[in-house]
Amino acid sequence: MGKSLFFTSLLFLSFATSFSIDSNVSSCPIDLGYVQTFPWDKSTCLDANGTQCCQTLTSLFGIGIAQHLKRTSVFQLPNPLAASACVSGFRNKLAALSILPSVVDSCMHNSTQFVSNTSNCAGIITTRDWIEKAGAATALDADCKGDVTGVKCRPCIEAGYNVFSKLLSPDPNATKCFDFTALYAIGVINNFGPMDPGAAACILGLPLELDDSALEKPKKNLSSKTLLRLVFGFLGAFFGVLLAFTLIILYRKWAEKNEGNAQHRRFVSSFKASVLPNSGAKWFRLSELERATNGFSEKNLIGQGANGVVYRGTLADGTLVAVKQIMDLGSKGDAEFSNEVETISKIRHRNLLSLRGCCVTSDVAKGRRRYLVYDFMSNGSLGDHLFNQVIGQQLSWPQRKNIILDVARGLDYLHYGVKPSIYHRDIKATNILLDSEMKAKVADFGLAKQSLEGQSHLTTRVAGTHGYMAPEYALYGQLTEKTDVYSFGIMILEIMSGRKVLDTSYLLITDWARKLARTGNVEEILDESIRGKGAKGVMERFVGVGILCAHVMVAFRPKIAEALKMLEGDIDIPKLPDRPMPVGHESLRSSLGSSAGASKSKN
């Protein structure tokens, strides 16, 4: 259900009568007076180009709809006239708050989306229909009834996901059931109701303004004598505590260093005894790798990332290899190192980068080091060719097509070719390597995780790259095979467009591509260098699969095997479902904001 359950695709069900509550809009059955009194955060809407304003406005409008549901037991507005009147009144109320009408029109230009339509959500019109479809008692009753602020919000959100999944089962196209779930939770179930700021912030995802007055404290006038006593007393205590902390920190650093060295020696011994014999990987001596890379010279440095550096090397038999030195020397890095050795050694596929061997050392003189040795990929990474005009070469349409199919086949093998299945968790352009024939191989299995016999896996440690992580995984740690599918969809759109996941306008590539696809302008999505260089229908099919795979809703994403068949033209692509607002208004914005450095790049 997400922290932001109220989406722009809201369609509200039939209402038999009409009321005259708002003095300015006689035919609107909603009292919109709360718009000017409710403590909602207006900052994102004061800028005409505010990217988050639409979410805020739809959530704010949702308060009125939820009040209407609470009063009448009916989900949506009765007819287009009432919907138009309510949107017009809403616009007038916001205009009084200095919010431009154009901002409202860009978010709510189609008032008919709020009109009753029985096809919206499994035929639900009233709360009686809801009970028939969802049941008299649901998870919402237990988790959304009382206070939902702070840590109490998440159980309510998860309850909404459970109810939505139940409603989605008989009607997979009923995406508006998400909206109905939010309205029912705040308008019917919650004791505090739609006008409670805490409930609106959690269930509707409405940002609230900070009340600075609550932070003010009464001031007292202190005498200079008392003030001096306080100052000297504070300074004495401060320096005493500082000295104690300094001694404690020095002791802990000394103890940690000794324990760290001992821990690493234990890791090396354990690795050689348990992991290495079962992996089949060759054990390299550090001296061999130093000779191969000419002492790890800078001229052999071919790549550098957050977790390590990669050198080009030549073994004694003349074989070219890539030597990756792991930089994270903590226990977390040890776990990822062992995981990558064990994972890669179990798999053999033409589209997966194979591991030749490894090296682990705890040499006192040269320090603690870990290395992985791979086959050398002479054409670097996909990211180099897409986004680095200096290093990379412009990819042709046949090359892009084959790379996408290669990655899909590699993922298909990870998900279905081995038991238990392996989820990569970090599919992105820089982790796709290209050999001398431009064949793609999926690389970097440090974050890969084996499934629990195909079951959904919840993890408290979310790992991956911001922008490529699926929303349900980034927010709640829900790991399934479709987590990789989301990242794969993002990568397809990057390959087809030459853009990074976020362009210079901070617009998510899925939103940009979906908007163009819905208006029939698929060709504008394509990188200029490949427009008209291939069959239009095939290119459109690849873009469509990318958008579908990167859908925010797990239920609408295909499995990787299905996506591969769609790409190859063996099965049709289903109609692209509407994309709701991003799941989790605060957390997802933060997640995406971390990758704001990405920019539009075309070859």
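Here's the yes/no breakdown for (1) of a type in the set (G, A, S); (2) modelled with pLDDT of 60 or more; (3) within 37 Å of the chain's Cα centre (by Cα):
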| position | (1), (2), (3) |
| --- | --- |
| V188 | no, yes, yes |
| M195 | no, yes, yes |
| K217 | no, no, no |
| L228 | no, yes, no |
| L235 | no, yes, no |
| G240 | yes, yes, no |
| I248 | no, yes, no |
| R252 | no, yes, no |
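Here L46 meets each of (1) at pLDDT 85 or above; (2) touching a Leu at 6+ places or on another chain (Cβ under 9 Å); (3) surrounded by fewer than 23 Cβ atoms within 10 Å (Cβ to Cβ) with one exception, condition (1). Among the residues of the range 79-112, the one identified as of a type in the set (K, R) and touching a Pro at 6+ places or on another chain (Cβ under 9 Å) is R91.
Among the residues of the range 376-391, is any more than 18 Å from I302 (Cβ to Cβ) and modelled with pLDDT under 90? No: the range 376-391 contains no residue that is more than 18 Å from I302 (Cβ to Cβ) and modelled with pLDDT under 90. With respect to I99, is the statement that it is part of a loop (DSSP other than H, G, I, E, B) and either modelled with pLDDT of 85 or more or surrounded by 14 or more Cβ atoms within 10 Å (Cβ to Cβ) (or both) true? Spelling it out, I99 is indeed part of a loop (DSSP other than H, G, I, E, B) and either modelled with pLDDT of 85 or more or surrounded by 14 or more Cβ atoms within 10 Å (Cβ to Cβ) (or both).
Of the residues making up the range 447-487, those that are charged (D, E, K, R) and either in a loop (DSSP other than H, G, I, E, B) or modelled with pLDDT under 80 (or both) are K449, E453, R461. Kindly provide the set of residues from the range 398-433 that are among the basic types (K, R), surrounded by 19 or more Cβ atoms within 10 Å (Cβ to Cβ) and outside any helix (DSSP H, G or I), ordered by number. The answer is R425, K428. Exactly one residue among N300, N294, N221, N278 is surrounded by 10 or more Cβ atoms within 10 Å (Cβ to Cβ) and at pLDDT below 80, and that residue is N278.
If a residue has to be part of a loop (DSSP other than H, G, I, E, B) and either of a type in the set (S, T, N, Q) or under 19 Å from S165 (Cα atoms) (or both) to count, how many in the range 109-153 make the cut?
Filtering the range 109-153 for residues part of a loop (DSSP other than H, G, I, E, B) gives 109-110, 116-125, 135-138, 144-149.
Now restrict to residues that are either of a type in the set (S, T, N, Q) or under 19 Å from S165 (Cα atoms) (or both): 110, 116-125, 135-138, 144, 149.
Qualifying residue count for the region: 17.
Residue-by-condition table, conditions (1) in the same structural domain as C54 (by TED's automatic domain parsing); (2) at positive phi; (3) among the basic types (K, R); (4) part of a helix (DSSP H, G or I):
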{"position": "G489", "(1), (2), (3), (4)": "no, no, no, yes"}
{"position": "I492", "(1), (2), (3), (4)": "no, no, no, yes"}
{"position": "K500", "(1), (2), (3), (4)": "no, no, yes, no"}
{"position": "K515", "(1), (2), (3), (4)": "no, no, yes, yes"}
{"position": "V538", "(1), (2), (3), (4)": "no, no, no, yes"}
{"position": "V543", "(1), (2), (3), (4)": "no, no, no, yes"}
{"position": "G546", "(1), (2), (3), (4)": "no, no, no, yes"}
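Does at least one position in the range 112-129 carry a residue that is among the acidic types (D, E), assigned by TED's automatic domain parsing to the domain that holds V188 and buried (at least 18 other Cβ atoms within 10 Å of the Cβ)? For the range 112-129, residues among the acidic types (D, E), assigned by TED's automatic domain parsing to the domain that holds V188 and buried (at least 18 other Cβ atoms within 10 Å of the Cβ): present.
Would it be correct to say that A306 is among the aliphatic types (A, V, I, L, M), exposed (fewer than 12 other Cβ atoms within 10 Å of the Cβ), assigned by TED's automatic domain parsing to the domain that holds N339 and modelled with pLDDT under 75? Let's see the steps before the verdict.
Working: among the aliphatic types (A, V, I, L, M): yes; exposed (fewer than 12 other Cβ atoms within 10 Å of the Cβ): yes; assigned by TED's automatic domain parsing to the domain that holds N339: yes; modelled with pLDDT under 75: yes.
So A306 fits the description; yes.
For the range 521-536, a residue qualifies if it is touching a residue at least 40 places away in the same chain (Cβ under 8 Å), in a loop (DSSP other than H, G, I, E, B) and surrounded by fewer than 17 Cβ atoms within 10 Å (Cβ to Cβ), and the qualifying residues are K533, G534.
The values are calculated or read from the model by the stated rules, or taken from the named source; none is laboratory data. This structure is a prediction, so every number in the text was calculated from the model and none was measured. Don't worry about glycine lacking a Cβ; one is built from the backbone with ideal geometry, like all the others, and counts go over all protein chains shown.
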